[in-house]
Structure formats: C-alpha cells, structure tokens
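Chemist: Once you've had a glance at the structure underneath, I'll fire off some questions.
The values are calculated or read from the model by the stated rules, or taken from the named source; none is laboratory data. Values in this document were obtained by computation on a predicted structure and should not be read as measured data. Positions of Cβ are generated from backbone atoms using ideal geometry, with glycine treated the same way; all protein chains shown enter the neighbour counts. Areas reflect the complete protein model, heavy atoms only, side chains present, ligands, DNA and RNA absent. Shrake-Rupley method; radii C 1.70, N 1.55, O 1.52, S 1.80 Å.
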Amino acid sequence: SNNDGVWNEDGVAVKITITPPPWKTWWAFTLYVLLITSLLYGVRRYELNRLRLKNQLQIEHLEAEKLKELDHLKSRFFANISHEFRTPLTLILGPLENAVAKISDLAIKKQLVMAFEHGRRLLRLINQLLDLSKLEAGRMELKASRGNLIPFLKGIVFVFESLAEERQITLDFRTSYTNLEVYYDIEKMEQVFYNLISNAIKFIPPDSGGKVTVTVAKSQVSLLKKLPPNVECVRINIMDTGIGIPADRQSHIFDRFYRADNLPRDSQPGTGIGLALAKEIVELHFGQIDMNSKEGKGTEFIVTLPLGKDHLAANQIVEEDEPVGRKLPRRAPEKIFSGVLPEDDKVTNADIDRENEEHDIVLIVEDNQEVRTFIRQYLEPAHNVLEAVNGRDGFEKAAAAIPDLIICDVMMPELDGYELCHALKDDERTSHIPVILLTAMGGEENKLEGLQTGADDYLTKPFSSKELLARVKNLIAQRRKLRERFSREVVLKPSEIAITSTDERFLNRVKEAVEKNLGDEEFSVEDLGREVGMSRVQLHRKLKALTNQSAGEFILSMRLQRAVDLLKQNAGTVAEIAYMVGFNTPNYFAKCFRQQFGCSPSEYKMNLSKTDEAAIGIQDS
C-alpha cells in the first residue's frame, strides 16, 4: 500500500533473467560435440594409419623376401644356363681344336680358327654374364691379395700389342714407378682392364694413326665416395684418340646392356656387359671409375683404387699361401648310401673280368650323352671306359668296378659331383680312386670348393681334349709309381701305403684278417673278401691300386714275411715253418720263398746263422 493506505490490488513485479555460465551455453556444448567428434576422428585416423603402416611394412617385408627369393632363383638360373651353354661349347671347341691341329689346308684351317675364336668369345660373354649375376645377387666375394700393379698392367697392355699393330694404332704405357703395391683381386681386375683397353682400341678407326695411352700415377687426394677424404690412391688413365662418345649418351655408358651405335664401320658392336661389369668390380674394390669424352677427340677412363688395406675387411684379404674359397660342409656317406649294391647292378664281376687287364679302367660320370661320347672317343682304346648317367649310378659302378680313375661332372641329377666325391672318398672300397671334376662354374671359389671335397684335379668346361688326356695320364702315372714303390717293399706298412686314413684302415683290416688265418691252408681270396666285406674283384682291384699286388699275391707275401720272422727266431725246421704259415707242402713253400727272396729257406737260415756267428766273434774281440 502507499502512504495513504491505498492498496494496489494488482501488485508490482520485477523480471530477472539468470543466464547460464559460459561452459553451459549452447555454443559451449556445440564446441564439446566438435571436440569429441574431432578426437574420435583423430583416434580413428591414427589407428587406420597405424594399421596401414603395419600392413605396408608387412608387404615390404614380403616383397623383400620375394626379391631375395628371386635373386636366389636368378643366380640358380644363370648357373644352370651357364652349364647348358658350356656343355655344347665343350662339344664345339674340343673337336675344332683337334681339327685345327690335324688339317693342313690353309683355307679350311683359317675358317676353323675363326670358328674357334668366336667360340672362345662366346665363352667370355657367358663368364661375364655369370659375374654380373653374382654381383647383382651380392654373392661375388672380394679376395684381394698384395701385388705389384705395374707388371700386372704391363702384361695386359702387351696382350693387345699385336691387335694395335694390325690396326696401325700406337699403344703406349707410361709410369714413373717400377713397384706399386696394391691390394686387388687379380682375376677380377683382369676383366676390368681387358674391357677398357679393348674398348679404347675398338673406338679408334683403323689405319687412322690413333693412339691409346695407359698412365699410372699416385694421387695424394682422394675423392672416393666410399672412403674418407685424403686417402692415398692410385689412378690408372686409359686414354684414346678415337671417335669419342656423344654428350647425350655419356650418362648411360655404364648401364647394363647399353651399346654404342657410333662405332667405326669395321668394329663389332659390344653386348653392353663389359663396362657395367668393370664399374661393379672397381666399386667392389672400394674404388671408382670415371669417364671423360669429347665427340671426335677421344675418350678417357680413369680408374681410382685406394692404396693399402685399411679399407678392406679381414675376410676380403688373402695373404700369400692362404687358400681362397669357402669350405663345403661334409655329409656323412651313410646318409647317402647304405653301402649295399642293388641286385640289378649294371656292372657285374663277369663284365669286369672280361676287361683287358693291360688297360686302366676309367669311369665317366656325366648326365649328357654327347659329352660322355666326346670324352670316351679320346680315352679309347688306351683305356677301358665305363659310363654312368648320374651321381648315384656313378657311385654304384665305382663301388662295383673299382676303376683306376673317375671323371665326374659337378651338376648332375640324383647326386651332384661334390656329394659323389665326398661319398667316394669316405667309402673304403673307393677312397683311393683319383677323381677329376668337370664343371661349367669356372670361378676360383668353385675350383677350391671342388678340391676341398677331395677331388684330385679340376677342369672347367669347355676343356681341351689334350689337357684332359694329359691330366688323366699324369694321375694314373702317379698312382702307378706309388704302387711300384711299395710293391718293392718286403714289409708292408699300411701307414706309408695309405693315401687317406680310410685306405689305412682298410689295409690294417686286410692285414689283420690275413694274420688271423695265416696258418689256415684253406684260407682263400674269397674268404679274405668275406672278412673285409668285398667281392673278389673289388678286393683284387683295391689291393692292386694300393700295393700293386693282387689279393692272392698279398696273402702269399704276408705268409712269406711271417716265415722270414719265424726263421729269424729259429721257431722250427723249414718244413714245420711251412705248415705254420699255411703252405700245403714244403716244396711249394721253398719255391715261393726262392721267387720272393732269391734263395731257399734253408740257405736263408744258414746265412742267418753265419751272420750271428760273425756278430758274436766281433763282440768277443
């Protein structure tokens, strides 16, 4: 009411609006929704990226594994294709070489020589392809040894002198050093400089008065990419005054299978392998190869190699007299063969008995029929030749026939040459047989791998028939001299006769078996064979190979030697000793004794008595 007491029946009101705090406003909730949505989106995006990255890594890992598998398959492909190429090359180059030596017609001879040279060129290309495949697969190992680079390069330059003279090109070698020691792989570096110098001569037109200059000098400053700066190095410059390389093609000159098309008209285009291989080999040596060229003026290749050996790993250095190559793990022969020959063995004892004993037996183990025929035609009729179509067949025939020598291919079905060689050297029946390995893989590590299996010699396809015959002749002659040496020995000493521990164990077992049955006059060669687990023929050929004595002669020699020991000990009369050592009659014993020692048992015993009396007289005086 007011002051006058008048009441306001309607009343008075004040409207108050209370606004929410900022965190409860609509735009705040909108922001909350946006933030939560963004957070969920971010988490989801992160998880998707993580899963995508994980899948990508898995895919990359699988791709890397597939690439490794492809590299392995590629290496095997090149090895197999090399074998396929080298085998027909053997059948081409071998007859060509023999035909060139026999034909007197100059026109025909010139054509045959040309065919032979092109066959050799094809072989070099195959070798380069193999080296490229090894480099690409990372399987080519650097085996550097210390060597004087100057005579090495001079020798390579000298090889091209006749070609340079023929094309009227001056070939000049310049250096102020007589001795420049560098660690390098000789076999690989030969390929580098052969390629570079041959290319230099190839790019100079003939009869143009061109010049190729090879210069060797030290450099105090090195810009090698793989090494720290200021490493002392050697620079080899090969410069020619040829037609040069166009500027737009110089960046591709070291690409694989890239071929220049601006060669002189009479020059044969290359395959694009040589320079690519040269670059890979130089970089394998921690060096580099550079090129400068001006079209119409000439080209210069610069090979830079570091001096010393600090840049090399320990396994990349080969000191003098150190073997190169990896050691092949041996496999137990019992895991390959049971040692029991199958009943349907193709080589029977009767077949071997019919062989001409005057000729040695050579076993050829090769899966290619044409190569077997090619080798056989050069070995016959000087040798009896047996053939086997794979490694397992070769082992079975070697164990049955006990040949004097085995010629074996490396790459074969059933069992390869390395495994066959292991099995032969670890088997008592065949451990003494010399083995020549034939292979298409001509690398040094492959040769040493073959020799480490126990092989006696190693030939790379394609091989010369003359070289094969010479090696066969030398190996058989060496074994024959060894047999003749010990056949003159009266007392058998297995440790001296043995070529391997397996042969020593075999001879000891034979000797023990004979000594155990020495007094048994019925003890025969067949009985001895049963004692040592061999057939009569196997035992005969094994003993003949080791001691130059047949099994019967071996038993007789052991009996006579025991008789000598008994006579020295005065163990009884001559007749009693004859029966003690397994002779039926004293007369036969006396006959064999005279043939062996040049006197009768009685005379031998009498001489012993005189010698003893003389010794007593000297002692008394």
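Chemist: Residues that are surrounded by 13 or more Cβ atoms within 10 Å (Cβ to Cβ), at pLDDT 55 or above and not in a helix (DSSP H, G or I): does the range 487-497 have at least one?
Modeler: Within the range 487-497 (the criterion being surrounded by 13 or more Cβ atoms within 10 Å (Cβ to Cβ), at pLDDT 55 or above and not in a helix (DSSP H, G or I)), the answer is no, since none of the residues qualifies.
Chemist: Consider Leu539 against the criteria (1) within 34 Å of the chain's Cα centre (by Cα); (2) of a type in the set (A, V, I, L, M); (3) at pLDDT 80 or above; (4) crowded, with 17+ Cβ neighbours inside 10 Å: it satisfies all of them except one. Which criterion is unmet?
Modeler: If we test Leu539 against (1) within 34 Å of the chain's Cα centre (by Cα); (2) of a type in the set (A, V, I, L, M); (3) at pLDDT 80 or above; (4) crowded, with 17+ Cβ neighbours inside 10 Å, just (3) comes out false.
Chemist: Kindly indicate the residue of the range 192-206 that is crowded, with 19+ Cβ neighbours inside 10 Å and under 25 Å from the mean Cα position of the chain (by Cα) and also farthest from Gly308 (Cα to Cα) among those meeting that condition.
Modeler: Only one residue tops the list, namely Asn195.
Chemist: I've got another one for you. So, in the range 584-605, of the ones that are surrounded by fewer than 15 Cβ atoms within 10 Å (Cβ to Cβ) and not polar (S, T, N, Q), which residue ends up farthest from Glu553 (Cα to Cα)?
Modeler: Result: Glu603.
Chemist: While we're here: Could you tell me whether any residue of the range 166-174 is of a type in the set (A, V, I, L, M) and at pLDDT below 90?
Modeler: So far as the range 166-174 goes, yes, one or more of its residues are of a type in the set (A, V, I, L, M) and at pLDDT below 90.
Chemist: Follow-up. How do the pairs read when you match residues in the range 155-179 that are in contact (Cβ under 8 Å) with a residue 24 or more places away in the chain and closer than 20 Å to Thr241 by Cβ with residues anywhere that are part of a loop (DSSP other than H, G, I, E, B) and open to solvent by 80 Å² or more (accessible area, probe 1.4 Å), using Cβ under 6 Å and keeping only pairs 6 or more apart or on different chains?
Modeler: From residues that are in contact (Cβ under 8 Å) with a residue 24 or more places away in the chain and closer than 20 Å to Thr241 by Cβ, the pairs are Gln168/Asp207.
Chemist: Across the range 356-391, what is the total count of residues that are of a type in the set (S, T, N, Q) and outside any loop (DSSP other than H, G, I, E, B)?
Modeler: Count: 4.
Chemist: Within the range 401-414, is there a residue that is open to solvent by less than 10 Å² (accessible area, probe 1.4 Å), touching a Cys at 6+ places or on another chain (Cβ under 8 Å) and closer than 18 Å to Leu459 by Cα?
Modeler: yes
Chemist: A further question on this structure: Testing Leu91 on (1) surrounded by 15 or more Cβ atoms within 10 Å (Cβ to Cβ); (2) at pLDDT 80 or above, one condition comes back false. Which one is that?
Modeler: Unmet condition: (2).
Chemist: Please pick out the residue among Val282, Val303, Val234 that is at pLDDT 85 or above and over 31 Å from the mean Cα position of the chain (by Cα).
Modeler: It is Val234.
Chemist: Counting just the residues of the range 363-381 that are in contact with a strand residue (DSSP E or B) (Cβ under 8 Å, 6 or more places away or on another chain), free of Cβ contacts under 8 Å to residues at least 60 places away in the same chain and open to solvent by 10 Å² or more (accessible area, probe 1.4 Å), which one comes out farthest from Leu96 (Cα to Cα)?
Modeler: The qualifying residue farthest from Leu96 (Cα to Cα) is Asp367.
Chemist: Kindly provide the set of residues from the range 99-111 that are under 34 Å from the mean Cα position of the chain (by Cα) and either surrounded by 15 or more Cβ atoms within 10 Å (Cβ to Cβ) or among the aliphatic types (A, V, I, L, M) (or both), ordered by number.
Modeler: Passing the criteria: Ala99, Val100, Ala101.
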